[in-house]
1. Sort B:319-327, B:11-19, B:398-406 for me by packing, meaning the mean count of neighbouring Cβ atoms within 10 Å per residue, highest on top.
2. What does the charge dipole of the stretch B:69-163 about its Cα centre add up to, to the nearest 20 debye, if the Cβ of each Lys and Arg holds +1 and the Cβ of each Asp and Glu holds -1?
3. Sticking with the crude label model, points 7 Å out along Cα→Cβ, report the distance from B:Trp471 to B:Ser74 in nm, one decimal please.
4. Seen from all sides and averaged, what is the projected area of the convex hull of the Cα atoms in the stretch A:497-561, in nm²?
5. Any chance you could check the Cα centroid distance between the stretch A:294-317 and the stretch B:250-295 for me, in angstrom?
6. Computed over the Cα atoms of the stretch A:1-157, what is the convex hull's projected area averaged over all directions, in nm²?
7. Compute log10 of I(q)/I(0) for the stretch A:232-309 with the Debye formula, placing one identical point scatterer on every Cα and leaving out solvent, at q = 0.12 Å⁻¹, to two decimals.
8. Just going by the charge dipole of the stretch A:212-291, with Lys and Arg at +1 and Asp and Glu at -1 on Cβ, which of A:Pro260, A:Ala271, A:Leu212 is farthest out on the positive end?
2 protein chains.
Amino acid sequence: MAENNNSSTSWQQSAAQKRAAVHALIPDAWRISQVPATEERLNIAGDYIRQLLSIRETEITETEATDILAKTTSGAWTAREVALAFCHRAAIGHQLVACLHEIFFDAAMAEAERLDEYFAKHEKPIGPLHGLPVSLKDQFHVKGVETTMGYVGWIGTFQGKSDTAKEKVFESELVRELKELGAVLFCKTTLAQAVFTFEPLNNIWGYTYSPLNRRLLAGGSSSGEAALIAMRGSPLGIGTDYAGSIRVPASLNGLYGLRPSSGRLPYQGAANSNDGHSIMSSVLGPMSTSVGALRVMVQAILSQQPWLHDPLVVEMPWRAEDHISRRKLSFGILRQDTEVAPHPAISRAVNLVIAAIEAMGHEVVQWKPPLHAEMYQLKNEISACDGGHNIHGDLRLSGEPPVSRIPMTFGTEPKEPMNAMEIAALHIRKREYQKEYMEYWNSTAKVTSSGRPVDAFISPLIPFTGMRPGWNRFTVNSSVVNVLDYAACAFPVTVADKTVDVMDTGYKPRSERDAYNIAMYDAELYDGAPVGLQLVGRRLQEEKVLALTELVADGLAEMRC
Amino acid sequence: MAENNNSSTSWQQSAAQKRAAVHALIPDAWRISQVPATEERLNIAGDYIRQLLSIRETEITETEATDILAKTTSGAWTAREVALAFCHRAAIGHQLVACLHEIFFDAAMAEAERLDEYFAKHEKPIGPLHGLPVSLKDQFHVKGVETTMGYVGWIGTFQGKSDTAKEKVFESELVRELKELGAVLFCKTTLAQAVFTFEPLNNIWGYTYSPLNRRLLAGGSSSGEAALIAMRGSPLGIGTDYAGSIRVPASLNGLYGLRPSSGRLPYQGAANSNDGHSIMSSVLGPMSTSVGALRVMVQAILSQQPWLHDPLVVEMPWRAEDHISRRKLSFGILRQDTEVAPHPAISRAVNLVIAAIEAMGHEVVQWKPPLHAEMYQLKNEISACDGGHNIHGDLRLSGEPPVSRIPMTFGTEPKEPMNAMEIAALHIRKREYQKEYMEYWNSTAKVTSSGRPVDAFISPLIPFTGMRPGWNRFTVNSSVVNVLDYAACAFPVTVADKTVDVMDTGYKPRSERDAYNIAMYDAELYDGAPVGLQLVGRRLQEEKVLALTELVADGLAEMRC
């Protein structure tokens, strides 16, 4: 049973002790004497952090993941040198923007040395991820390390339970596979409380800000991953996505992030909120600075045959089909799916993507899907099906308060949970929505020039340009993909530009939510903020989604030249 | 909302009217004047039914499904002649052993004629199932035909609801695909009440007996399919399997029956009990007289890309890998998984299979899996999670009583349903059992000579030789596969032989259930009853399971030569 751990200590004290314990794991040489004031230095990801590193460390940490692998798997770079550089940069990054829940640099260095010894002896890499540092959202259990998932009450326990014999011993299936593949795990990253909100906030570390603009938030719930990778403190991280938790922070920090369909990658043995509530499933996926990095990670995990170790993974190896050459592709374009009008930079991003697609000789059609409003409603009902018993139970372990939108969704007390018939009705509604939506997708064969249904659709993830502290009633557009269980990839398109992205002052808000989104707008504040979109494929089409996202990214890069 | 249809009529009257309406669809020329007394003629499947058919009709109907397709897709046989022969034989069969819920011979003949016209015009078949008659368990909606699923209260409605505009119009996705493929649908078959029990009994048609021995039952819940195919009134049928409902009746009637993993074949738009209760899923699968027939059906359905029309189907086309040649295979052998000792013929069947496998140069190892007892318990809890609200609701539409084991499981009144947390706990327990089981499977690499895990395991489906009316407290061994969601195929091995299959009179029953199973034994009654087993592969390994079942079947045939 769940127990209140250490009832004589307040949750504030426990959280402070935890922060201090993590901080103590940063070597003295890597401590920074002061953090610049926010207003003085909004962006600490680039030049600011570079001056605290050697040129060599900067070179290594600013190398894209697949290029790192080219070096580490050929012996050009040692795993040790690479790991050391990323540990150093992550340590500094965390001091600038709190983004780490757990630090295990010593274990990482020991592992890197073991890899180097292996390479020296066998003259080949141990696996396809040989020597690649990989960061993990703090839901994955790593031997020797705690998992708090942002709950104060989980400190010193295994998922809130004491004396399970699993504390700091049990490993998630993904972690076992990453180690087999030669990855060097070195830290676990912050997340939003209960892995539930998009606002990156929990009672251990508070907010996770965006390192690109510390007046804005990193987004969530995979907030620490996005912040860390944006600072180049990690070349590649693993997040999770229940309603947009990989894609939204990736988008807000100028990164790529894949939300695979459920059953593709192994969630076995990871911590989660609402475990067993299976109408919609949280999935894990990679976040990085290139599509190539995401592909390498998915391919590597699938090479481990995760379906032999996770009963929910389908036996589907990486499928190396050619999805893009020798034919004209069609993309559905969805500019807006609620009454909330996107900020100007997001609409401009959509226009840029259309131009890039058309410049490559491919086609765009309007995406006019059914049921988005119904699916947002359904997602809310599904999320709340247990009346908040799970989340309130974990909060009560320490007495810490719910934060961000959790009180709005779950109140301050657990409510009556749904019963078996109500849950079955949600399953059926979801299936019926999925069916209607897939038939809409099929029907687009009538509007494309090829006579085939669209290959993917592209849409905003959020209608706002940056996430502002204190403004947590924002609208998001990502969770439709989760209800549908489609594969989707967030990708960066542009950055907000105050001189170009001017709000239409004559616009009449269509609802309170629309007005809220307009009120969030601050051209000055948002100037320079990354703007991303998502590319969405059908269920389990991860390969195709990555191929098409890469195509669009290449098209955008071509346009910028 | 569900409504009591026609409250002025008793359920007995409604059922009698339904029986009469179905009987009226049998052409006069096909009516038989009398059914022989059971004791006089136990087996009516072979010689008895043949004397009521022409030699040509017998030739056609006793041709195996893939051989029929060789004729119909090459134009050697017309679809019309084939359809007519099967309609005739099914009509006679139904009069001998009640096995049909719906008859639509006229629509079948019209479709067959359309296919013949297509062939005449295009000189090629319309699809891979061109002209193959296919029967369906009465869960699949076919245009122009009712679906009662054995519920009196569903007569004249759509799944118990009136004025839905779907009555006799809506079609299940499978049905749409079968029509596209060129199959000729001609009848729907009986099932056990609520698709829930293994005892083949509902309030419309009563028991479905085995046509091979009318003192025994056909098994369930896909009882009509098994009886009809055993009489050669259909070359291939589609059943469903939640806990063994394809495999148990297939086994009791000397047939092959595939239980695919969930998500492989399209259940979209089929009627079911407990729809939306998704911890364990009912799946559909083919039943026939050969493995080849099952394979053709699975391949044909997958060629329709069901994942584009059923959101729960995974994008996994037929995988044409070679699973058997050029290596030594290993099979786990499970003789018994509860305290209930199998009847002698079943143990002999296991020995025959071992001998066949070893004679082919392959290997058997003992299958010593964990958790079978726990999984039987879990399956019972999952089945009852709604407290019987769904089943009692459908029974109350007409006032008909629950039959067979339904009152034992659900009482006569709905009980308190489980809540969201209890349901989540069942999901977690299931996943944990699946995980432990798959790791056991992986661990068999240590005991095989190849150093690879076993390729499949083989086990009994039931510990008894035949199902006797009135003896419904029998034990079954099939549902572990459903909890694990593994692919499995029932296959015939031998027939019971009273001179060989002698019960050990010194055996001391280990429990009440064990004693019950022994008490069921009657060597005289069971003489000649088919005895089957199942071959079980991992999740979604339908191709491999079919290949290995065919290998074992060929090995058994070789031994009999």
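1. Numbers: B:319-327: 10.8, B:11-19: 17.0, B:398-406: 19.6.
Order by mean packing, descending: B:398-406, B:11-19, B:319-327.
2. On the way: 9 positive and 11 negative charges, 48 e Å.
The calculation lands at about 240 debye.
3. Placing both labels 7 Å along Cα→Cβ, they lie 4.6 nm apart.
4. Working: hull surface 27.6 nm².
Mean projected area for the stretch A:497-561: 6.9 nm², to one decimal.
5. 27
6. 11.5
7. -0.34
8. Projecting each Cα onto the dipole axis, the largest value belongs to A:Leu212.
The values are calculated or read from the model by the stated rules, or taken from the named source; none is laboratory data. These numbers were taken from a predicted model, which means no experiment stands behind them. For neighbour counting, all protein chains shown are included, and Cβ atoms are generated from backbone atoms with ideal geometry for every residue, glycine included. All accessible areas refer to the heavy atoms of the entire protein, side chains included, with ligands and DNA or RNA removed. Shrake-Rupley method; radii C 1.70, N 1.55, O 1.52, S 1.80 Å.
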